[in-house]
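Colleague: First the structure, then my questions, so here it is.
What follows draws every value from the coordinates through simple rules; no lab data is involved. Source: prediction; values computed, not measured. Heads up, the Cβs are rebuilt from the backbone with ideal geometry, glycines too, and the neighbour counts pull from every protein chain shown.
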Amino acid sequence: MDIEGQEYIIKPMNCLGHIMIYKTQLRSYRNLPLRYAELGTVYRYERSGVLHGLARVRGFTQDDAHIFCRPDQLEAEVTEVVQLARFMMNTFGFSEYELLLSTRPEKYAGTIQVWEDATEALRNVLEHLELNYEIDPGEGVFYGPKIDVKLKDALGRLWQGPTIQVDFNLPQRFDVNYIGEDGLEHQVVMVHRTVLGSMERFMACLIEHYAGVFPVWLSPVQVAIIPIADRHLSYANKVAGELRECDIRVQVDGRSERMNLKIREAQLEKIPYMFIVGDKEMDASQVSLRLRSGEDLGLLSVSQFMDRVKPIIVNKAQDKL
């Protein structure tokens, strides 16, 4: 591909690589379903006018997976993917979202009967899981119906979320088959799925959703340690070492700046917890805990802090101490 005078050989999708893996050997109906997943970087030549930060880029990495299954396995496989998507949305705090079932467009691959069977399978999954959804008529891709999830951020804006697509085209074009119980070749049903989608776009969505105020388990830096004076730096580094042994992401602000400035900058960086250490804290082998909201929780030891914060991190809960 020629892009602005430079020749590139780039991968636009992960599907064909997974098909090649599938076709390395003859598959039996007993081998199915087969599921291949990867964090694959792909490239799309978006026009420069539509590029937008992390949300719209020319090269992105997605959590791509492809499921090769028999027709009778389709509902069970899609059910598992939908449940995985719901787990993801709950984990990351997306309580509001829209579910769309996109049906056959005017131009399509495969037969009407195959389309109707696949669409009915997707509908059955959503009904069985008792999920509210809307029909998006004619908006399926040409190779099969799909389920789209639109994530709603804190401002009510919709973002592309998990996608589940049934594909009749690629298995036919590339002879992606299996040997059935009758000893004959049968075409597999192929399912494309992403849960996070583009990692770059999902990060943009998270940043917008939380306005940068991530839950403690998601925060790049979980604790900022602020020594009041240079003589407290050694103790601050000791405390940081104890936190790192407990897998806490921590930074020590050892600059020769005023304490209030350091606190203010840590708050602007939206770091969940701040440890203030001075003479009193050093003598007591404790720290003064301050939240990014400005609330002062007083003195406590590192072990006391860990007893309170570790369950929050493990359970991926909101950071309420």
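Colleague: Dipole of the range 223-314, Cα-centred, from +1 at each Lys and Arg C-beta and -1 at each Asp and Glu C-beta, to the nearest 20 debye?
Modeller: Here the size comes out at about 200 debye.
Colleague: Just to be sure I understand the curve: with the Debye formula and one point per C-alpha of the range 44-89, what is log10 I(q)/I(0) at q = 0.22, 0.25 Å⁻¹?
Modeller: At q = 0.22, 0.25 Å⁻¹ the computed log10 ratios are -0.80, -0.88.
Colleague: If you don't mind, another one. Could you let me know the centre-to-centre spacing of the range 137-213 and the range 263-307, using Cα atoms, in angstrom?
Modeller: For the range 137-213 versus the range 263-307, the Cα centre distance is 44 Å.
Colleague: Here is a follow-up. Packing-wise, with mean Cβ within 10 Å as the measure, how do 116-128, 65-77 rank, highest first?
Modeller: In descending order of packing, they fall as 65-77, 116-128.
Colleague: Right, another one. For the residues F214, F142, what sequence is obtained by ranking on other C-beta atoms within 10 Å, fewest first?
Modeller: F142, F214
Colleague: Send over the semi-axes of the range 223-314's equivalent ellipsoid, whole angstrom and largest first, taken as the square roots of 5 times the C-alpha gyration tensor eigenvalues.
Modeller: Numbers: eigenvalues 67, 48, 29 Å².
Calculated on Cα positions only, the semi-axes equal 18, 15, 12 Å.
Colleague: Report the paramagnetic label zone for A37: residues of the range 164-195 whose backbone N is under 16 Å from a point 7 Å from Cα along the Cα-to-Cβ axis.
Modeller: The answer is 164-165, 191-195, whose backbone nitrogens lie closer than 16 Å to the label point.
Colleague: Over the chain, how many pairs of lysines fall under 24 Å by alpha carbon, counting only those 8 or more apart in sequence or from different chains?
Modeller: So the count works out to 18.
Colleague: Filter the trypsin sites (Lys or Arg not before Pro) in the range 282-321 down to the DSSP loop ones having no more than 11 other Cβ atoms within 10 Å, then list what survives.
Modeller: In loop regions of the range 282-321 (DSSP not H, G, I, E or B), the sparsely surrounded trypsin sites (Lys or Arg not before Pro) are K320.
Colleague: Which value in nm describes the separation of the simple spin-label points at R244 and Q160, placed 7 Å from the Cα toward the beta carbon?
Modeller: Once both label points are built, they end up 4.0 nm from each other.
Colleague: I would also like to ask the following. If you rank I312, I147 by fewest surrounding Cβ atoms within 10 Å, what's the result?
Modeller: I312, I147
Colleague: Given the convex hull of the Cα atoms of the range 162-321, what is a quarter of its surface area in nm²?
Modeller: 14.1
Colleague: Further, regarding this structure: Taking just the alpha carbons, could you work out the radius of gyration and Dmax for the chain, both in angstroms?
Modeller: Values for the chain (Cα only, Rg and Dmax): 25.5, 81 Å.
Colleague: Moving to a separate point now. Going by amide H atoms built from the backbone, whose H comes under 5 Å of the H on N177, apart from near neighbours?
Modeller: V188
Colleague: Can you sort R86, R44, R30 from fewest to most other Cβ atoms within 10 Å of each residue's own Cβ?
Modeller: R30, R44, R86
Colleague: Could you calculate the FRET efficiency of D72 with L100 from 1/(1 + (r/R0)^6), where r is the beta carbon distance between them and R0 is 30 Å, rounded to 0.05?
Modeller: Efficiency computed from Cβ-Cβ geometry: 0.75.
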